[in-house]
Amino acid sequence: MYELIVNYALSLADMVKAGAYDWFSSDVNEGNFPKMGEGEVPVSAELIHFNKYTSSEGAVTEMGGLGFRPATIHELLAFGQKYPNVQREFPIIALGSSCEIVSVCLVAYLDKEGSKRLLRLHWSGDSWDDDCRFLAVRK
């Protein structure tokens, strides 16, 4: 269990800055991902590992069957700030928020490149590797 505080008083840009990522997609902005809450919200999150290649839709369905919902980008950024080294072990995906850019639906995920921490967007219609973890929140 990962305990988080999602601070919706911060702009998305401030949340990204607080995460101190070595690189982040410029498409992670409030125009693409509007605020989804107010004030400071405590969240208990889990990392779910399916240990297989899975689609975004399949992951959401399986999470639901386990009593979880996919985390939002704001929850992902709170996770990345509080637990910065976890993404150095495996990619962490947040399927609870998406944006459409050039007719492609994208979701945010935390990744690594060597020792660098990255905040990326990925086509939600693609499958995810078997090493990925999905950030999830109990319903």
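The values are calculated or read from the model by the stated rules, or taken from the named source; none is laboratory data. Since this is a predicted model, take the numbers as computed values, not measurements. A quick note on method: Cβ atoms are made from the backbone with ideal geometry, for glycine too, and the neighbour counts reach across all protein chains shown.
In table form, for the structure just shown:
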item: Selected residue (criterion: farthest from residue 52 (Cα to Cα)) from residues of region 111-129 that are outside any loop (DSSP other than H, G, I, E, B) and not hydrophobic (A, V, I, L, M, F, W, C); result: 116
item: Test: residue in region 47-66 that is assigned to a helix (DSSP H, G or I) and under 19 Å from residue 22 (Cα atoms); result: no
item: Subset of region 90-110 [closer than 22 Å to residue 43 by Cα and either acidic (Asp, Glu) or not in a loop (DSSP other than H, G, I, E, B) (or both)]; result: 92, 93, 94, 95, 96, 97, 98, 107, 108, 109, 110
item: Residues located in region 1-46, provided they are farther than 27 Å from residue 67 by Cα, touching a residue at least 12 places away in the same chain (Cβ under 8 Å) and assigned to a loop (DSSP other than H, G, I, E, B); result: 9, 11, 20, 21, 22, 25, 27, 28, 29, 30, 32
item: Residues located in region 6-28, provided they are among the aliphatic types (A, V, I, L, M) and either surrounded by 12 or more Cβ atoms within 10 Å (Cβ to Cβ) or modelled with pLDDT under 95 (or both); result: 6, 9, 10, 12, 13, 15, 16, 18, 28
item: In region 50-85, the residues that are surrounded by fewer than 14 Cβ atoms within 10 Å (Cβ to Cβ), of a type outside the set (Ser, Thr, Tyr) and on the phi < 0 side of the Ramachandran plot; result: 52, 57, 64, 65, 66, 85
item: Hey, residue 43 touching a helix residue (DSSP H, G or I) at 6+ places or on another chain (Cβ under 9 Å) and within 19 Å of residue 138 (Cα to Cα) or not; result: yes
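Quick grid of which residues meet (1) closer than 22 Å to residue 26 by Cβ; (2) touching a strand residue (DSSP E or B) at 6+ places or on another chain (Cβ under 9 Å):
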residue: 79; (1), (2): yes, yes
residue: 85; (1), (2): no, yes
residue: 89; (1), (2): no, yes
residue: 95; (1), (2): yes, yes
residue: 98; (1), (2): yes, yes
residue: 112; (1), (2): yes, yes
residue: 118; (1), (2): yes, yes
residue: 124; (1), (2): yes, yes
residue: 131; (1), (2): no, no
